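What follows is a set of notes on a single structure, which appears directly below.
Nothing in this text is a laboratory measurement; each read-out follows from the coordinates by a stated rule. All values reported here derive from a predicted model rather than from experimental measurement. All Cβ positions, glycine included, derive from the backbone under ideal geometry; neighbour counts span all protein chains shown.
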Amino acid sequence: MAAPISNAIAAYTNAGRVAGAGPAAESGGASFASLLKQAAGDVGDALHKSEAASLQAVTGKPDLAQVAAAVNNAEIALQAVIAVRDRVIQAYNDISKMPI
């Protein structure tokens, strides 16, 4: 029984090495976590721009087309974040249901 466990550990270690040497690591690309962090920051920026445009619309300064575009961009970004969140939760639930 000790041999299969040591084989599993060796396979896990090798998988970690292979995953670390992927295209992103070779080309100096960003990690998945940093991509998610950047995407969350971009969504936050879109929401802030939408809010600022809406506040300016109350005062009558910007064009209504600009306000509509900013609100639409914020809505699309928020829907994308919700879709990613739902997929992450679904993946977590699928992994947690896997037999060990």
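The number of residues in the stretch 90-100 being surrounded by 10 or more Cβ atoms within 10 Å (Cβ to Cβ) and not in a helix (DSSP H, G or I) comes to 0.
Which ones in the stretch 75-89 are small (G, A, S) and surrounded by 12 or more Cβ atoms within 10 Å (Cβ to Cβ)? Residues satisfying the conditions are A77, A80. Scan the stretch 56-74 for residues that are of a type in the set (V, I, T) and surrounded by fewer than 17 Cβ atoms within 10 Å (Cβ to Cβ) and the total you get is 2.
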